[in-house]
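Data block below; observations after.
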Amino acid sequence: MITITFILKNGSQHIVDADQEENMMQVATFNGVPGIEGACGGFCSCATCHVYVESTHSLPPPAADEISMLQGTAAKREKNSRLACQIKLGPQLDGLVLRVPDMQ
Ligand code: FES
């Protein structure tokens, strides 16, 4: 089991434990994290799971389709922007901190 912290729009923290989910979008939606919709179900085609990676964890680089979706769809894209559905769960991500954008 790993612990993930989501920083919400109002600055509060939503801390969840995860071990069954496949990716961070599922962690957010299964645990009721506000502001993460996951409308496409994790198929990298909606960007309603946009998050900012705020911790120093080393993530695999985004694939071309994730980059394209972030460039074309995500609001307020920043250099630490990622699609939560493309961040696969793993023990190396224990303590990961993700910030939810002001809007999707
Ligand atoms: Fe649609 Fe992530 S859930 S792009």
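So the values come out like this:
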quantity: Segment 70-93 residues that are more than 13 Å from Glu54 (Cα to Cα), paired with ones that are among the aromatic types (Phe, Trp, Tyr) (beta carbon under 8 Å, 6 or more apart); calculated: Cys85/Phe43
quantity: Pairs, first charged (D, E, K, R) in segment 42-59, second away from the ligand (no atom under 15 Å from the Cβ), C-beta under 6 Å, six or more apart; calculated: Glu54/Val97; Glu54/Arg99
quantity: Counted residues, segment 58-98 - those being part of a strand (DSSP E or B) and open to solvent by 70 Å² or more (accessible area, probe 1.4 Å); calculated: 1
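Okay, residues lined up against (1) open to solvent by less than 70 Å² (accessible area, probe 1.4 Å); (2) at pLDDT below 95; (3) assigned to a loop (DSSP other than H, G, I, E, B); (4) within 16 Å of the ligand (Cβ to nearest atom):
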residue: Asp17; (1), (2), (3), (4): no, no, no, no
residue: Glu21; (1), (2), (3), (4): yes, yes, yes, yes
residue: Gly38; (1), (2), (3), (4): yes, no, yes, yes
residue: Gly41; (1), (2), (3), (4): yes, no, yes, yes
residue: Thr56; (1), (2), (3), (4): no, yes, yes, no
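The values are calculated or read from the model by the stated rules, or taken from the named source; none is laboratory data. Keep in mind that this is a model prediction, so the values were computed, not measured. Every residue, glycine as well, gets a Cβ built from its backbone with ideal geometry; the counts of neighbours run over all protein chains shown. Heads up: the accessible areas ignore ligands, DNA and RNA and are worked out on the full protein's heavy atoms, side chains in. Shrake-Rupley method; radii C 1.70, N 1.55, O 1.52, S 1.80 Å.
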